[in-house]
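Heads up: the structure comes next, in structure tokens.
The values are calculated or read from the model by the stated rules, or taken from the named source; none is laboratory data. Only a predicted model underlies this, so the values are computations on that prediction, with no experimental measurement involved. With ideal geometry, Cβ positions are generated from the backbone for all residues, glycine too; neighbour counts draw on all protein chains shown.
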Amino acid sequence: YFLNAGTALVAGFMHQAVAGDGNFDDKAVQANAAVGSTTISLTNGATTLAKDELENGYVLFYTAGTPSTLLGCYPIKANQLEVAGSATYKISLEGSEGLVTAIDTSDKYSVIHNLWYKVVTWANNAAPTARVVGASVRIVTASYYGFLQTRGICNLLCDDGAAFDPGDSVTGGAIGSATDGYKDNSLSSNDYDIEIVGTSCNVGSTDDGAFVFLKIE
């Protein structure tokens, strides 16, 4: 179950989470917080946040040293409305336990949105810029909610540049299509950082539909 972003999603294509945002990466904790705290003050990285935009996302705390000491990863319950230019925003952690390790203003944090918040199709002639989160089985109107398939037999469009054979690993191709995950096992240097999303079940011919067993979840 996901929220579509501002463009309609086409059936038979895969889609990705919202790309990482530097405004939420490696920023300072704004106020000390003791063990058990559930409301945390964080640095606003020059962005505007809608109320509860970060709901069901995650926050990670760590020390500023090299290497960092990890201080905990927590699901986010809510965040306050925040406008660009303000120095601080607050989040509420899910559950009643709160922090299991105290944090202070010398520590850092990073945040990611819920992976199914404002899902998009990645650009033409480009690899996904975030985790592939599922495939649409029908057209989904812009800014509407819908369902994505994440596991099992799925019909996907085969990339126009890379057909695949039964049993091949499959990754994201151009504009949400499916392509051979290992380029017929040639294993060039670019193959090590791709995300394998499934396994092909038949011959995937260029620009045709193909059966893929998805393994995203």
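Between LEU71, LEU99, LEU42, the distinction of being surrounded by 14 or more Cβ atoms within 10 Å (Cβ to Cβ), of a type in the set (A, V, I, L, M) and not in a strand (DSSP E or B) belongs to LEU99 only.
Screening the candidates ILE139, ILE103 for the property of being β-branched (Val, Ile, Thr) and farther than 17 Å from ASN4 by Cβ yields one hit, ILE103. Restrict the check to the range 170-187 and report whether at least one residue is closer than 13 Å to CYS201 by Cα, out of contact with any Lys or Arg (no Cβ under 6 Å at 6 or more places or on another chain) and at pLDDT 80 or above. Taking every residue of the range 170-187 in turn, at least one turns out to be closer than 13 Å to CYS201 by Cα, out of contact with any Lys or Arg (no Cβ under 6 Å at 6 or more places or on another chain) and at pLDDT 80 or above.
Taking the range 38-68 as the search range and keeping residues that are in contact (Cβ under 8 Å) with a residue 40 or more places away in the chain and among the hydroxyl-bearing types (Ser, Thr, Tyr), which one is nearest to VAL111 (Cα to Cα)? My answer is TYR58. The residues of the range 77-94 that are surrounded by fewer than 16 Cβ atoms within 10 Å (Cβ to Cβ), closer than 19 Å to ASN32 by Cα and of a type in the set (Val, Ile, Thr) amount to a single one, THR88. Against the test of being closer than 30 Å to ILE153 by Cβ, aromatic (Phe, Trp, Tyr) and buried (at least 17 other Cβ atoms within 10 Å of the Cβ), the options PHE13, PHE24 yield a single qualifying residue, PHE13. Does the range 52-59 contain any residue that is among the β-branched types (Val, Ile, Thr) and at pLDDT below 95? No: the range 52-59 contains no residue that is among the β-branched types (Val, Ile, Thr) and at pLDDT below 95. Can you give me the number of residues within the range 60-89 that are closer than 20 Å to GLY45 by Cβ, modelled with pLDDT of 95 or more and not aliphatic (A, V, I, L, M)? Within the range 60-89, residues that are closer than 20 Å to GLY45 by Cβ, modelled with pLDDT of 95 or more and not aliphatic (A, V, I, L, M) number 5. Does ILE153 fit the bill of being in contact (Cβ under 8 Å) with a residue 12 or more places away in the chain, more than 26 Å from ALA50 (Cβ to Cβ) and of a type in the set (Val, Ile, Thr)? So ILE153 fits the description; yes. Is it fair to say GLY198 is over 21 Å from TYR117 (Cβ atoms) and modelled with pLDDT of 85 or more? In short, yes. On inspection, VAL137 passes the criterion of being of a type outside the set (D, E, K, R) and more than 27 Å from LYS77 (Cα to Cα). Looking only at residues of the range 113-135 that are surrounded by 21 or more Cβ atoms within 10 Å (Cβ to Cβ) and at pLDDT 90 or above, we find that the one that is nearest to GLU195 (Cα to Cα) is VAL132.
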